[in-house]
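One structure is given below, encoded as structure tokens.
The values are calculated or read from the model by the stated rules, or taken from the named source; none is laboratory data. Owing to the predicted nature of the structure, the values given are computational and were not obtained by experimental measurement. Here Cβ is always computed from backbone atoms with ideal geometry, including for glycine, and neighbour counts include all displayed protein chains.
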Amino acid sequence: MAATLYHYAGCSTCRRARKHLASKGVEPKLVDLVATPPSKNELRTLWKASGQPLKKLFNTSGQSYRNGGFKERLADMTVEQQLEALAADGKLIKRPILDTGDAVLIGFREAEYDAAL
């Protein structure tokens, strides 16, 4: 299976996701969200394919989210502004994101990964 995992090496949840994928024989292409954040258009594609609200792409527990005041600002931001903010700061993006080609999963839940694989 060709899959892409958008991750951050310092994230324990991302490491668990990688370990789980390896246990299923899946070796995804790895994209470091912090070193090379997806572009605004890539994020739009991932978001739409996920079927989730755009807010789900935000790492609400992260320092970038808190320091940027996004809890208060998101409601007044346009879709374009939200996508631009995400593309500008990889730590603002919820991780990991798994793109299997058929599904895009935001975050790591073992049962969802198993269903998508």
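One residue is enough: does region 9-28 have a residue meeting the conditions surrounded by fewer than 20 Cβ atoms within 10 Å (Cβ to Cβ), within 11 Å of the chain's Cα centre (by Cα) and in contact (Cβ under 8 Å) with a residue 24 or more places away in the chain? Within region 9-28, none of the residues are surrounded by fewer than 20 Cβ atoms within 10 Å (Cβ to Cβ), within 11 Å of the chain's Cα centre (by Cα) and in contact (Cβ under 8 Å) with a residue 24 or more places away in the chain. Out of all the residues in region 63-84, is one or more touching a helix residue (DSSP H, G or I) at 6+ places or on another chain (Cβ under 6 Å), surrounded by 18 or more Cβ atoms within 10 Å (Cβ to Cβ), touching a residue at least 40 places away in the same chain (Cβ under 8 Å) and not in a loop (DSSP other than H, G, I, E, B)? Yes, that holds for at least one residue.
Please find, within region 3-53, the residue that is nearest to A116 (Cα to Cα) out of those that are in contact with a His (Cβ under 8 Å, 6 or more places away or on another chain) and outside any helix (DSSP H, G or I). Ranking the qualifying residues of region 3-53, first place goes to L30. If you check K40, K48, K19, K94 for being at pLDDT 95 or above, of a type in the set (D, E, K, R) and touching a strand residue (DSSP E or B) at 6+ places or on another chain (Cβ under 6 Å), only one passes: K94. For region 85-94, enumerate the residues that are over 14 Å from Q52 (Cβ atoms) and surrounded by 14 or more Cβ atoms within 10 Å (Cβ to Cβ). Within region 85-94, A85, A87, D89, G90, K91, L92 meet the criteria.
Scanning region 92-112 finds no residues that are assigned to a loop (DSSP other than H, G, I, E, B), over 22 Å from A3 (Cα atoms) and under 13 Å from the mean Cα position of the chain (by Cα).
When L98, L105 are screened for being touching a Ser or Thr at 6+ places or on another chain (Cβ under 9 Å), free of Cβ contacts under 8 Å to residues at least 60 places away in the same chain, closer than 16 Å to T45 by Cα and surrounded by 20 or more Cβ atoms within 10 Å (Cβ to Cβ), only L105 passes.
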